[in-house]
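Structure record follows, encoded as structure tokens.
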Amino acid sequence: MTHWLSIVVATPAHSKVAGALTYASEWPLTPGTLVRVPLGKREVLGVVWEVLPGSGDLPPAQARAVLGALGGLAPLPSTWRRLVGFTATYYQRSIGEVALAALPPQLRELSTVQLARRLKRPVATPPDTPDTTDLIALSPDQERAIAEFDADTRPALLFGTTGSGKTEVYLRAAAKVLADDPSAQVLVMVPEINLTPQLQARFEERFAHLGKAQVVALHSGLTPAQRLKSWLAAHAGQARLVLGTRMAIFASLPNLRLIVVDEEHDPSYKQQEGARYSARDLAVYRAMLESAAKDEHARGQFSDGPPLGKLAPPGGSAVREATSVGAISCRVLLGSATPSLESWQATVVGRYQRLTMSERIGGAEQQGSLPAIRLVDMNHQPKHSTIAPPLLEAISQRIARGEQSLIFLNRRGYAPVLACHDCGWKSECPHCSAYRVFHKIDCTLRCHHCGFTERVPRACPSCGNIDISPVGKGTERLEEHITELLAGVRGSDGEPLRIARIDADTTRLKGALEAQLASVHAGEVDVLVGTQMIAKGHDFRHITLVAAINPDAALFSSDFRAPERLFGLLMQAAGRAGRDAAHGETSEMWVQTFHPQHPLFAALKKHDYPAFAAQELKEREAAGMSPFGFSALVRAEAREQAVAQGFLNAAAEAAQSQQLPGHEAVTPYPAVPMTIQRVANIERAQMLVESPSRAALQRFLAAWQPVLHQTRQQGEFKSLIRWAIDVDPLAI
Ligand code: ADP
Ligand code: ZN
Ligand code: ZN
């Protein structure tokens, strides 16, 4: 007997075979089964999506046969398929693309025999270590946060000051879930930057009593073999706790009971290519799905079919419905000291639960308090000073006391531009609409967009003037400058000063970042210079001064999220100072600005995130921006800017003239060049599409996809290189 199956395979984003394909099988196969199928002349991995009643439009004789199922692997759970289906629909991609990208790449390559070998169960390490969870006395804030979390069912946002001990709350929440149910699984997500071996070690240590193989990592730093191993352990239910970056949101976890998203505001949760999903939003959605599925299971209504398009988007009404359903069996816990305004607003309206921890560990009496904020009005400082004299004085005092200072500037390299003051030549990149950055250390001009690198010319390439000079400052020059300013100053021990720099340039080699961080921790550095890379997450104990050299640009950026990011970054950076209670009282955060009256700084001075959020949300509400309005960007790339823009405008006109569903509530803006208009000789344009209704925007985008495809087929746009939709874009 022939069984008809709809099977999804990896299809290029915009190919004609975007949906599932129909195959025939001699054996019955359940949805979620991994199979090998022929596609064109190739043999590819696919996932059985649905069992079909017949061959549909396809004449049975033309149907190709499934070559075989991946033996030994349980089918992917139905919630996994729902999550993938939702992601594809919501982010306007094909199911096959999302499904196959969510699986470890090695699954595609292994033969059945090889796979069988991998599937041999590892010898389970006996649970011999005692559970040490209860040995640490919780702070009053932690006690309260955990009790409140346990008493609620909504998605929770842990709003905890840096140093308030959020990690301990995650550990406790996870421990409880794992102890209550011997098959339960927990997913802990961290942003790229924070997936340090230390954090993994901390989880492994805490859950050692479960047996070592039960804590696994899933991130892009793993080898393909390690990644497959972690994935298989999670899929088989052996791994109880999965620690990972955004990709881990698609891990197959048959018994998922808790998802933790640390630093939930971090932009690295948004995927920037392919399906541009937000792993944070999907975490909220997945918890809702898992709960709903378990609830349906309990009531005997479990449906195995794909619910495509039937479910509301992240944070939408479906979350509300699920929370009122009764027994919730998968929770989500987001955490941050500076939450995204989207998550914060959800707590304001009560859709999410808010857990607040405002005291740093150590308590107010021991002065584990936050550093004082000092704003330096640069209008009143000597012209062209990079480091204002009072800041320099404060750094010198730290050095004399044997304390560390951290100085950050968001621009790497020596100088952003090299210029000739005779003829006006500047170090433009020939391939991009951007300047090449001067890197003094290896005497190169490097484009940070396309990578084009050349040696610095001896003389101006345009007029021959040999006096070409750097304009502006990057971290490399800042380091040099500080070294000059502090020449002659000695460390508290009488030894020469130790100034170090950490940025993308100094940490290129594997292990370099770890080594440099270790030397900061060991107190081998007096002054640390770097980009925002050093402002986040690290638990530096001896830093008592943090300084932001030039943060003003973000105050007036055309990107409406720039102030939110700046505030978060400055709060994070401030959190680096005075983490050691002994230094709490003397620690300071310095901000050099030409706009000390800006309300953002007023809130910063008081460490008052809620005040900042309230003011920023008021402005966003008035402007109809996220989270009060919804948007998508369509980006197009071509050799000529006119083609990229013309394509977008033509597609928008077609949408209006065809009165697409949702169009009455959707505003497409005219296409514009992207901020960096040309990269590697490719012209880039974008179109913003806005709507006060998420549902209307979704309806519109779904109907617009085929119109965009058709528009591209028109002769004048044939030369378009690519286009893509970004739903809920982070930067505009
Ligand atoms: P956050 O993530 O909120 O910035 P961490 O989780 O890094 O804070 O905690 C800050 C420091 O406090 C860490 O060194 C951590 O080990 C310590 N800590 C957390 N909770 C406790 C506790 N209950 N008792 C003692 N130390 C704690
Ligand atoms: Zn010149
Ligand atoms: Zn370039």
ask   = Which of the residues spanning the stretch 46-91 are of a type in the set (Val, Ile, Thr) and surrounded by fewer than 19 Cβ atoms within 10 Å (Cβ to Cβ)?
value = Val51
Answer residue from the stretch 422-474, given it is over 23 Å from Val679 (Cβ atoms) and in contact with an Asp or Glu (Cβ under 8 Å, 6 or more places away or on another chain) and is surrounded by the most Cβ atoms within 10 Å (Cβ to Cβ) among those = Cys460
note = The correct count of residues that are within 16 Å of ligand 3 (Cβ to nearest atom) and either touching a His at 6+ places or on another chain (Cβ under 8 Å) or of a type in the set (Ser, Thr, Tyr) (or both) in the stretch 437-477 is 8
task = Go through the stretch 669-684 and give me each residue that's hydroxyl-bearing (Ser, Thr, Tyr) and under 26 Å from the mean Cα position of the chain (by Cα).
result = Thr675
query = Just one of Gln705, Gln714 is over 20 Å from Glu640 (Cα atoms), surrounded by fewer than 22 Cβ atoms within 10 Å (Cβ to Cβ) and touching a residue at least 12 places away in the same chain (Cβ under 8 Å); which is it?
reply = Gln705
key: Test: Glu480 is away from ligand 1 (no atom under 16 Å from the Cβ) and touching a Phe, Trp or Tyr at 6+ places or on another chain (Cβ under 6 Å)   = no
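Look through Arg351, Arg360 and report the one residue that is within 25 Å of the chain's Cα centre (by Cα) and assigned to a loop (DSSP other than H, G, I, E, B). Spell out how you get there, then give the answer.
On the way: Arg360 fails: within 25 Å of the chain's Cα centre (by Cα).
So the residue among Arg351, Arg360 that is within 25 Å of the chain's Cα centre (by Cα) and assigned to a loop (DSSP other than H, G, I, E, B) is Arg351.
Can you tell which of Ala654, Ala636 is surrounded by fewer than 19 Cβ atoms within 10 Å (Cβ to Cβ) and not in a loop (DSSP other than H, G, I, E, B)? Don't jump to the end; show me each part of the working.
Numbers: Ala636 fails: surrounded by fewer than 19 Cβ atoms within 10 Å (Cβ to Cβ).
Going through Ala654, Ala636 in turn, just one is surrounded by fewer than 19 Cβ atoms within 10 Å (Cβ to Cβ) and not in a loop (DSSP other than H, G, I, E, B): Ala654.
Being touching a helix residue (DSSP H, G or I) at 6+ places or on another chain (Cβ under 9 Å) and either within 16 Å of ligand 2 (Cβ to nearest atom) or within 19 Å of Ala680 (Cα to Cα) (or both) is the filter here, so list the residues in the stretch 440-474 that pass it.
Our first condition is that a residue be touching a helix residue (DSSP H, G or I) at 6+ places or on another chain (Cβ under 9 Å); within the stretch 440-474, this holds for 440-441, 470, 473.
Across the stretch 440-474, the qualifying residue is only Pro470.
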request  = Can you run down the residue pairs with Cβ atoms below 8 Å, 6 or more apart or on separate chains, where the first is in the stretch 448-465 and free of Cβ contacts under 8 Å to residues at least 24 places away in the same chain and the partner is outside any strand (DSSP E or B) and within 8 Å of ligand 2 (Cβ to nearest atom)?
outcome  = Ala459/Asn465
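Residue-by-condition table, conditions (1) β-branched (Val, Ile, Thr); (2) under 27 Å from His709 (Cα atoms); (3) modelled with pLDDT under 95:
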{"site": "Ala20", "(1), (2), (3)": "no, yes, yes"}
{"site": "Trp27", "(1), (2), (3)": "no, no, yes"}
{"site": "Gly32", "(1), (2), (3)": "no, no, no"}
{"site": "Leu45", "(1), (2), (3)": "no, yes, yes"}
{"site": "Gly71", "(1), (2), (3)": "no, no, yes"}
{"site": "Pro75", "(1), (2), (3)": "no, no, no"}
{"site": "Gln92", "(1), (2), (3)": "no, yes, yes"}
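Assess whether Glu359 counts as being within 30 Å of His521 (Cβ to Cβ), within 16 Å of ligand 1 (Cβ to nearest atom) and not hydrophobic (A, V, I, L, M, F, W, C).
Working: within 30 Å of His521 (Cβ to Cβ): yes; within 16 Å of ligand 1 (Cβ to nearest atom): yes; not hydrophobic (A, V, I, L, M, F, W, C): yes.
So Glu359 passes the test.
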request  = Could you check Leu157 against (1) touching a Lys or Arg at 6+ places or on another chain (Cβ under 6 Å); (2) surrounded by fewer than 18 Cβ atoms within 10 Å (Cβ to Cβ) and say which number it fails?
outcome  = (2)
task = Could you please let me know if Ala400 is touching a residue at least 24 places away in the same chain (Cβ under 8 Å), in a helix (DSSP H, G or I), small (Gly, Ala, Ser) and away from ligand 1 (no atom under 16 Å from the Cβ)?
result = yes
ask   = On the given criteria, is Ser405 assigned to a loop (DSSP other than H, G, I, E, B), of a type in the set (Ser, Thr, Tyr) and either modelled with pLDDT of 90 or more or more than 16 Å from ligand 1 (Cβ to nearest atom) (or both)?
value = no
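Filter the stretch 540-555 down to the residues that are assigned to a loop (DSSP other than H, G, I, E, B) and without any contact (Cβ under 8 Å) to a residue 60 or more places away in the chain and list them by number. Even if it seems obvious, please write down each step before you answer.
Pass one, the stretch 540-555, residues assigned to a loop (DSSP other than H, G, I, E, B): 540-542, 549-551.
Selection gives Arg541 alone.
The values are calculated or read from the model by the stated rules, or taken from the named source; none is laboratory data. Computed from a prediction, not measured in an experiment: that's the story for all the values here. Reconstructed Cβ throughout: ideal geometry from the backbone, glycine too, with neighbour counts over all protein chains shown.
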